[in-house]
């Protein structure tokens, strides 16, 4: 039996007060996070999609707000000792003893680390003052679940689930929905599903995202278990089941790194992440934290897994596949599924954007509806990577072209700013590597990607195929955010006809064109692909090359209309547009 820890008292003034202030800062952040999250049920019931989108941005801002407030208050407790590095191990120990074994203690320790990093401007990891080891994992049993035994009657069990997870707004026809749910389960398990199913287990919280609410759980079977997610839609007539997802592949897309963050309030976020990882073992832990809106914990887990991977491997960090970027130097570790983006000191022509513009574009994307078409990107400051792992060519280019951002510190390369995201295969390379039918499929999906982005008020800016990629599930996504703009901030025009007196299309005449003036007919020059693929694209998506299409999208966005873009095949109704 482990001995009881010795009673500890602070050895220097301010230790207890500083530790308490940091904990109170975390608690206030967490309370506000949960308060915003709790509004999601009302937003869903009232179909207040505009309010939910505003809550996405508000919730993202909270963490940095409370880190700043906490750091700003610490001088009251520590005075001139605030920057005394030798004092902070005592503060960490005092804090750590008091939060140990608390639910979601890992979040509290991550918040503490954020405070020290802000105080000391830490590069890499400072093991003297930070919590470095991951906290003990909480068991899934700490997660509150709702359980529904199945007594040989799938329809009855499904109806009980829907009634238990009901809203203030009534179901259109819960009986009909239960029949559809049972039918889908039998299709997946077999006709003996009524006998095979022992019980359903669902996390005791709705998961809200966009215009949908999800129930997340698993089916306990006689010979194992399988995941289940129920998608709920609040339509004109009331709430109805939109889809019943019972395979890891289907559910994995719902929890994709290309989807927006969920609003959910499980009893333990750590345990909820472990549950999700249990039913979706292919999903990295860091992505699951991020998709639940715990972005800083997701970032911590991603960095931890990267460092552990570097210790286990010896391959070089090299340039990413594809054409070199005009704004970013992009590199990767071939054995790991991430890419790193670092801005060049001087952007190559014809780029005219600024460094601040690029940072703002990435911030815009982080706060926006990803619609399954935007890769989630994390912004790292003072990121350290082992110098010896960089290929010679990459090392030389980073120091030559990004010297304002990249520096050598002993055996490390330090990146003042770096964007990190999941690696996908560039679309321009992918279409050269696959069979013709697959190339046609992804080119058509490229067009759908542009339209999905437009429906969520995003204009990609640079439509070159090299700025799009194909995920492991075969979905086309956009990942180059250097010139992202809102559709509602753009002006779309037909190309004017040049004449001999006033050649509008001369190069010099472009001086009269504003930075947000767009001529969709010019998009054809971005379609650098074989003629057969270009023809396939134009047959399905020629409207993308017309100002009329884009002006219509802009008008609908300005009127407050929201498009339903969901990550599954719908079982209820055809896609509709929703007015705010």
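A few notes on this one:
- Boolean, residue 119 is under 20 Å from residue 63 (Cβ atoms) and either at pLDDT 95 or above or not in a loop (DSSP other than H, G, I, E, B) (or both): yes
- Within region 506-521, considering residues that are in contact with a helix residue (DSSP H, G or I) (Cβ under 9 Å, 6 or more places away or on another chain) and modelled with pLDDT of 90 or more, the one farthest from residue 554 (Cα to Cα): 521
- Of note, residue 370 does not satisfy the criterion of being assigned to a strand (DSSP E or B), buried (at least 19 other Cβ atoms within 10 Å of the Cβ) and within 22 Å of the chain's Cα centre (by Cα).
- If you check 177, 194 for being in a helix (DSSP H, G or I), closer than 30 Å to residue 53 by Cβ and touching a residue at least 12 places away in the same chain (Cβ under 8 Å), only one passes: 177.
- Out of 98, 59, sole residue that is surrounded by fewer than 21 Cβ atoms within 10 Å (Cβ to Cβ) and either without any contact (Cβ under 8 Å) to a residue 40 or more places away in the chain or outside any loop (DSSP other than H, G, I, E, B) (or both): 98
- Residues in region 169-196 that are under 13 Å from residue 228 (Cα atoms) and in contact with a helix residue (DSSP H, G or I) (Cβ under 7 Å, 6 or more places away or on another chain): 181, 182, 185, 186, 189.
- One residue stands out among those in region 338-358 that are surrounded by 14 or more Cβ atoms within 10 Å (Cβ to Cβ) and in a loop (DSSP other than H, G, I, E, B): the one that is modelled with the lowest pLDDT, which is 351.
- Checked against (1) modelled with pLDDT under 95; (2) buried (at least 22 other Cβ atoms within 10 Å of the Cβ), residue 485 passes all but a single condition, namely (2).
- One residue stands out among those in region 101-122 that are out of contact with any helix residue (DSSP H, G or I) (no Cβ under 8 Å at 6 or more places or on another chain) and either loosely packed, with under 15 Cβ neighbours inside 10 Å or outside the structural domain of residue 24 (by TED's automatic domain parsing) (or both): the one that is farthest from residue 307 (Cα to Cα), which is 101.
- For the residues 307, 285, the requirement of being modelled with pLDDT under 95, surrounded by fewer than 22 Cβ atoms within 10 Å (Cβ to Cβ) and not assigned by TED's automatic domain parsing to the domain that holds residue 203 singles out 307.
- Flag if residue 147 is modelled with pLDDT of 90 or more and in contact with a strand residue (DSSP E or B) (Cβ under 6 Å, 6 or more places away or on another chain): yes
- Residue match in region 197-205 (condition: at pLDDT 95 or above, touching a helix residue (DSSP H, G or I) at 6+ places or on another chain (Cβ under 8 Å) and in a helix (DSSP H, G or I)): no
- Test: residue in region 23-35 that is farther than 19 Å from residue 265 by Cβ and without any contact (Cβ under 8 Å) to a residue 60 or more places away in the chain: yes
- Single unsatisfied condition, residue 248 versus (1) surrounded by 18 or more Cβ atoms within 10 Å (Cβ to Cβ); (2) in contact with a helix residue (DSSP H, G or I) (Cβ under 8 Å, 6 or more places away or on another chain): (1)
- Qualifying residue in region 185-197 (condition: touching a strand residue (DSSP E or B) at 6+ places or on another chain (Cβ under 6 Å) and surrounded by fewer than 21 Cβ atoms within 10 Å (Cβ to Cβ)): yes
- Residue within region 359-367 that is assigned by TED's automatic domain parsing to the domain that holds residue 417, farther than 18 Å from residue 482 by Cβ, at pLDDT below 95 and crowded, with 16+ Cβ neighbours inside 10 Å present: no
- Looking at 409, 455, 421, just one residue is surrounded by fewer than 18 Cβ atoms within 10 Å (Cβ to Cβ) and either in contact (Cβ under 8 Å) with a residue 40 or more places away in the chain or not assigned by TED's automatic domain parsing to the domain that holds residue 380 (or both), and that residue is 409.
- Summed over region 527-538, the residues that are surrounded by fewer than 13 Cβ atoms within 10 Å (Cβ to Cβ), touching a helix residue (DSSP H, G or I) at 6+ places or on another chain (Cβ under 9 Å) and either at pLDDT 95 or above or in a helix (DSSP H, G or I) (or both) give a count of 1.
- Residues that are in a helix (DSSP H, G or I) and in contact (Cβ under 8 Å) with a residue 24 or more places away in the chain were ranked within region 157-174; the one that is nearest to residue 45 (Cα to Cα) is 162.
- Put simply, of 336, 347, 331 the only residue that is touching a helix residue (DSSP H, G or I) at 6+ places or on another chain (Cβ under 6 Å), more than 29 Å from residue 226 (Cα to Cα) and outside the structural domain of residue 567 (by TED's automatic domain parsing) is 331.
- Filter result for residue 37 (touching a strand residue (DSSP E or B) at 6+ places or on another chain (Cβ under 6 Å) and not assigned by TED's automatic domain parsing to the domain that holds residue 236): yes
- Meets criteria (assigned by TED's automatic domain parsing to the domain that holds residue 289 and either over 30 Å from residue 27 (Cα atoms) or out of contact with any strand residue (DSSP E or B) (no Cβ under 8 Å at 6 or more places or on another chain) (or both)) for residue 174: yes
The values are calculated or read from the model by the stated rules, or taken from the named source; none is laboratory data. What you see is a predicted model; the values in this text were computed from it and never measured. A quick note on method: Cβ atoms are made from the backbone with ideal geometry, for glycine too, and the neighbour counts reach across all protein chains shown.
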